[in-house]
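Let me begin by presenting the structure, written as C-alpha cells, before commenting on it.
Please treat every number below as a calculation from the coordinates, not as lab data. Since this is a predicted model, take the numbers as computed values, not measurements. Quick reminder, even Gly has a Cβ in these numbers, built from the backbone with ideal geometry, and neighbours come from all protein chains shown.
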Amino acid sequence: MSGEAQTAGQYIKHHLQNLTWGQLPDGSWGLAHNAAEAKAMGFMAIHLDTMFWSISLGVLFLWIFRKAAKNATAGVPSGIQNFIEMIIEFVDGSVKGAFSGRNAMVAPMALTIFVWVFLINFMDLIPVDWLPQAAAMMGTSFFGMDPHHVYFKVVPSTDPNATFGMALSVFMLMLYFSLKIKGPGGFFAELAFHPFPKWAFPINLVLELVALFAKPLSLSLRLYGNMFAGEMIFILIALMYGGGWMLGVFGGFLQLGWAIFHILIITLQAYIFMTLTIVYMDLAYQVPEEH
C-alpha cells in the first residue's frame, strides 16, 4: 500500500491512520480523507476498522467455542476440544489463584478477555500490507476512492480508543462490585482512611484516588504501548522491501524473527490484561479489617 508516489514517512503515516467516519468540515458525514480531517471530527468520530475487527474477532471467538461445546464428547476428544479445554483450565486456574471472592461471572469474563485480546493482538502477525492493499482495491473498485485515502488498520489494540474502552469496562465493573460489596460508606472509607490515620483523610483521599484512576490508565496504555511498538517495527521492516533485493532478503529474515518473538508478546499481553482484570475484581471484594 506504499504506492509509487509515497515516501517512507507517508507510508508510515498511512499505516498508522484509522479508517475514520464522522462529521466533515462542510457539515456532512463521511470518511476522513486525511489525519487532519479525522482529528477535526472530534469525539463523535468512529474508527470503522477498529470496530469491524473487534466485533468480527469477538464473533469468531464465540463461534469457535460454541461449535466446540456443541461437538464436545465424553469419549476421545477432538483436537479443538482438547485445545479449548486447556485454555479453560488455564484461565480457571488463574482465577482460582488470584480471586478470593465468589462471583460466577469472573471466570467467563477472564476467559473472554484472554481469548478476545489474543485474537485482536494476533492480527499483528498478518503482513502489514496485505489487508490494507485489499481494502484499497475495494475502495477504488467499488467506491472510486483514491487508494491513498483508504486507511485500514487491522490491529485494534494499536488503537488507544479500543484499549481504553476495554479498560474502562473493567474499571466500571470494579467500581460496581466495590460499591455492592462494601457499600458507599465502606468504599469511601477505603479511599479516605487508608493508608494513614483517619485524621489524614485528605492526603489519603488524594493518594487513593490517584491509585484508583491509575488502574484503567495503566491497563489500557500497557496493552496499547506494547502492541503499537510491535506494529511499528513490522512497518519499518516492510520499508526494507523497497530498498533492493539484498535489503529485502535481510528484511524477510528480520520479519520472520520478529514474528516468532511477537507470538510471545501477543500472548503475554493477553495474559497480563486478563490477570490484572482478575486482580482488580479481587480488590473490589476485599473488605479492609478494622483494627
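With contacts defined as alpha carbon pairs under 8 Å and 6 or more residues apart, what's the relative contact order of the chain in percent?
Averaging sequence separation for qualifying contacts and normalising by length gives 23 percent for the chain.
Under 10 Å, Cα contacts only: if you run a Gaussian network model on the chain, which one of V128, V106, V210 comes out with the highest mean-square fluctuation? Sorting by GNM fluctuation, first place goes to V210.
Which links in K96/K215; K96/K180; K180/K215; K39/K215; K70/K96; K96/K198 stretch past 29 Å when you go from one Cα to the other?
The pairs that break the limit, which is 29 Å between Cα atoms, are K96/K198.
Between L179 and M105, the simple label model (points 7 Å from Cα in the Cβ direction) yields a spacing of 1.3 nm.
Note on W199 and F253: their simple-model spin labels are 7.0 nm apart, each label 7 Å out from Cα toward Cβ. Using only Cα atoms, find the angle between the long axis of helix 130-143 and the longest principal axis of the chain, and express it within 0 to 90 degrees, rounded to the nearest 10. Roughly 70 degrees, rounded to the nearest 10. Extension gain for the segment F188 to S78, taken as residue separation times 0.36 nm less the Cα-Cα distance, is 34.5 nm to one decimal.
Listed by chain and number, the aspartates and glutamates whose alpha-carbon sits under 14 Å from that of K182, ignoring those within fewer than 8 places in the same chain, are E190, D282, E289, E290.
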